[in-house]
């Protein structure tokens with residue numbers, strides 16, 4: 001098996017430092033750990049990196065803590081616009 005590394009972030013939302021309680025911080029870290037575990041398990045099983053990305057993103061989209069998927073923020077026109085893609089680094093194509 002090849003060695004691999006995983007890096008991701010939980011979004012581009014605003015966290016106000018004074019409003020972050022220890023319990024909320026634990027919730028964020030737990031959700032990020034679940035996404036990391038999902039990606040790790042997919043890669044460790046030998047599946048494609050694009051599958052690992054999709055799996056981790058799905059975990060974050062299902063979480064009420066992040067502004068993706070179910071928690072998407074409204075645009076200035078009060079609508080939602082969700083666009084996502086995954087690029088395969090081997091050949092620079094969009095993953096299907």
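Readers should treat all values here as calculations from the given coordinates under stated rules, not as data from a laboratory. Please read these numbers as outputs of a predicted model, since none were measured by experiment. Glycine also receives a Cβ, built like all others from the backbone with ideal geometry; neighbour counts cover every protein chain displayed.
In table form, for the structure just shown:
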{"quantity": "Separation of the residue 34 and residue 72 label points, Cα + 7 Å toward Cβ, nm", "calculated": "2.1"}
{"quantity": "Nearest 10 degrees, 0 to 90: helix 49-62 Cα axis against the chain principal axis", "calculated": "20"}
{"quantity": "Residues residue 92 and residue 20, FRET efficiency given R0 of 41 Å [Cβ-Cβ distance, rounded to 0.05]", "calculated": "0.60"}
{"quantity": "Listed peptides 82-91, 49-58, 28-37 by packing density, highest first (mean Cβ within 10 Å)", "calculated": "49-58, 28-37, 82-91"}
{"quantity": "Set of the stretch 62-95 residues, backbone N closer than 13 Å to the point 7 Å along the Cα-Cβ line of residue 27", "calculated": "63-67"}
{"quantity": "Percent breakdown of C-alpha pair distances by 10 Å bin, ordered from the shortest bin, for the stretch 19-94", "calculated": "18, 37, 33, 12, 1"}
